[in-house]
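Trainee: One structure, as structure tokens, below. Some questions next.
The values are calculated or read from the model by the stated rules, or taken from the named source; none is laboratory data. Quantities reported herein were computed from a predicted structural model and do not represent experimental measurements. Virtual Cβ from ideal backbone geometry, glycine too; neighbours counted across all protein chains shown.
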Amino acid sequence: MGMDLSRERTGGMAASLARMLTTLEQKVDPSHAALIVVDVQNDFCAPDGYFAKEFGDTRLVREMVPRLVKFIEKAREAKLPIIYIQCEYNTENSWYLSDVWLEHAGRKRTKGGYVTYPICEPNSWAAEFYEGIKPLSGEVVVKKHRYNAFLNTDLDLILRSKGIRTLIMSGVASDVCVQATGWHGFMLDYYIVFLEDCTATYSQELHDAALKKVDALFGEVVNSGSVIESWEKMRKGG
């Protein structure tokens, strides 16, 4: 007898639908969600960091960070796993920066970033987390060397080992590293919840465009307050 392929396909669809998380409350449930804090480091945020020199101002990023710090506190109260992403780019002998990377930086970085001005050197002030962002003992820090925090890191292994299904995305920059990591996470079948008020970049126009792309293609864009309300509702059993 031949296999009933239509029935097999229908059965597979039913199984996927049964697992589907359709509401924000379901997605951000601390039993299977994790907060990803991307690149909140001095070079990207501080008034004396490289990107303040490159873009002239990091005000939008700096204004975002206190909101993120408060959200991290709420995430800890909810017992949500928190994973910090930390860039390391320039090193002695340029272990991580290829000719492709340096060629692009030479054309586009107006202040010599990566080429003559080192960015996020390991064990430097520039690579340290910006004020208020302080991983606690037991909270994971994943080191990365490209925009995408999944690329050649153990991030996916950490998430799978913890049974994580949803990534709550935060940090810097909303249009580059946060977006690139969220996009890849979606390709790996993680639900993406993107915090509009706990991510930032160097212009409002770029930030708004990033949120529009996330919402259209791979994630749910929400305010951090909505996530906190969901946790409160779950805590009260509502």
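Trainee: For region 49-67, check the following and say yes or no: at least one residue is at pLDDT 95 or above and small (Gly, Ala, Ser).
Mentor: Scanning region 49-67 turns up at least one residue that is at pLDDT 95 or above and small (Gly, Ala, Ser).
Trainee: Given the conditions (1) within 21 Å of residue 149 (Cα to Cα); (2) part of a helix (DSSP H, G or I); (3) of a type in the set (A, V, I, L, M), and given that residue 52 satisfies all but one, which numbered condition is not satisfied?
Mentor: Answer for residue 52: the failing condition is (1).
Trainee: Could you say whether any residue in region 92-103 is surrounded by fewer than 14 Cβ atoms within 10 Å (Cβ to Cβ) and of a type in the set (S, T, N, Q)?
Mentor: yes
Trainee: In region 73-121, what residues are among the polar types (S, T, N, Q) and closer than 30 Å to residue 227 by Cα?
Mentor: Matches in region 73-121: 86 only.
Trainee: Can you find a residue in region 109-132 that is within 30 Å of residue 30 (Cα to Cα), aliphatic (A, V, I, L, M), buried (at least 18 other Cβ atoms within 10 Å of the Cβ) and touching a Cys at 6+ places or on another chain (Cβ under 7 Å)?
Mentor: Yes, that holds for at least one residue.
Trainee: Restricting the search to region 193-220, which residues are surrounded by fewer than 19 Cβ atoms within 10 Å (Cβ to Cβ), of a type outside the set (Phe, Trp, Tyr) and in contact with a Phe, Trp or Tyr (Cβ under 6 Å, 6 or more places away or on another chain)?
Mentor: Answer for region 193-220, where residues must be surrounded by fewer than 19 Cβ atoms within 10 Å (Cβ to Cβ), of a type outside the set (Phe, Trp, Tyr) and in contact with a Phe, Trp or Tyr (Cβ under 6 Å, 6 or more places away or on another chain): there is none.
Trainee: Another one. Just to be sure before I move on: is residue 89 out of contact with any Gly (no Cβ under 6 Å at 6 or more places or on another chain), of a type in the set (Phe, Trp, Tyr) and assigned to a loop (DSSP other than H, G, I, E, B) in the structure I sent?
Mentor: The answer is yes for residue 89.
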